[in-house]
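Data block below; observations after.
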Amino acid sequence: MKKIQLIAGRSHPELAEEISKLLKVPLTPVDCKCFADGEMYVRIKDKVRGNDVYVIQSMCAPANDRLMETLIMIDALRRASAGRINLICPYLCYSRQDRKAASREAITAKLVANLITKAGADRLVTVDLHADQIQGFYDIPVDHFVGYPLFAKYLKAKKMLGNTVIVSPDIGGVKKADKMADMLGLKLAIIDKVRKAHDTAEVTHVVGDVEGKRAIIVDDVISTGGSVCVASEILKKMGAKEVIVCATHGVLSGNPKELFDNSSIDQILLTNSIPIPEEKISKKMKIVSLGPLLAKIIKRVSKERSLGELFTWEDKKQSL
Ligand code: R5P
């Protein structure tokens, strides 16, 4: 069997450390720095020849730097004859630019796919792409995981699934919310959200019954926080007694902490796909770690074992 090597980009050292501890595989040292003119330099400090290498990098802000660092890292690994280069990227930048919504726009998610593939990645492991079809932008295997089973597990453990309805915050999120509702045997409600300009969200009505219920909003990303705050407002107006937001990626542009603290949302569950600095953590937030799931994925990929079992949410203890 090929030797596993873990290499951390600079975006999320805590997550890389957590995975390394769980797998009992040390992180391979890397020299990553910027020259005075801003150009990046990467050198892998150990041999990688023939090995099964896992680059752990979340492409969060500053996304362009993280993307470039990843590409350079993959190039360095390829030129050093790594046996297989697996990119473990819990948050893939530009996923929301997956189609032309207006004329003369780019499809940046496809451009990113071309760059990652061309640099030499052999596999991409990621979580909650904004649109499932982005998988098809890659001509390499893509293992696309979702965050909602982790939230379901957490909510079940806290006995927070009774008298509950799952809510999609917009039409685009219906499929994901419906899957979570189906998995939990709960009903679905849908919010009609419109964006009249970038980074603004307006809600007109809710389809489905939320009165007297706990409403769990499921979304892939919280960026400015506007979508989930207006969603919570209308849900409460329609009689929901509690609003919980489950979002995989806490992009948290600007700093919506105050917005959340003053909002009608009761609790926000995020994963650590993106590191969340102390000053952005609202008292309503709870962070669920992706570390154990990613460690299991790496272990199974390295042993050429199926990943299907990892998509479930039940309390079965899945081995590394
Ligand atoms: C939109 O389609 C996404 O699923 C999120 O709802 C959106 O990106 C969140 O953005 P914001 O927090 O800025 O409203």
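Points to keep in mind about this one:
- Pairs beyond 23 Å (Cα-Cα), from Lys2/Lys33; Lys21/Lys299; Lys236/Lys283: Lys2/Lys33
- Put simply, the C-alpha atoms of the range 142-219 give a gyration tensor, and the ellipsoid matching it has half-axes of 22, 17, 10 Å, longest first.
- From largest to smallest, the equivalent ellipsoid semi-axes obtained for the chain from the alpha-carbon gyration tensor read 35, 22, 18 Å.
- Kirkwood radius for the range 148-288, taken over all pairs of different Cα atoms as the inverse mean of 1/r, rounds to 14.8 Å.
- Among the listed pairs Lys179/Lys237; Lys45/Lys100; Lys153/Lys257; Lys176/Lys303, a Cα-Cα separation exceeding 31 Å is found for Lys45/Lys100.
- Packing, as the average of other Cβ atoms within 10 Å across residues, places the peptides 26-38, 55-67 in the order 55-67, 26-38, highest first.
- The calculated P(r) of the range 1-98, using every Cα pair and 5 Å bins from 0, goes 3, 13, 24, 25, 19, 11, 4, 1, 0 in percent.
Here, each number is a calculation from the coordinates, and none is a lab measurement. Please read these numbers as outputs of a predicted model, since none were measured by experiment. Here Cβ is always computed from backbone atoms with ideal geometry, including for glycine, and neighbour counts include all displayed protein chains.
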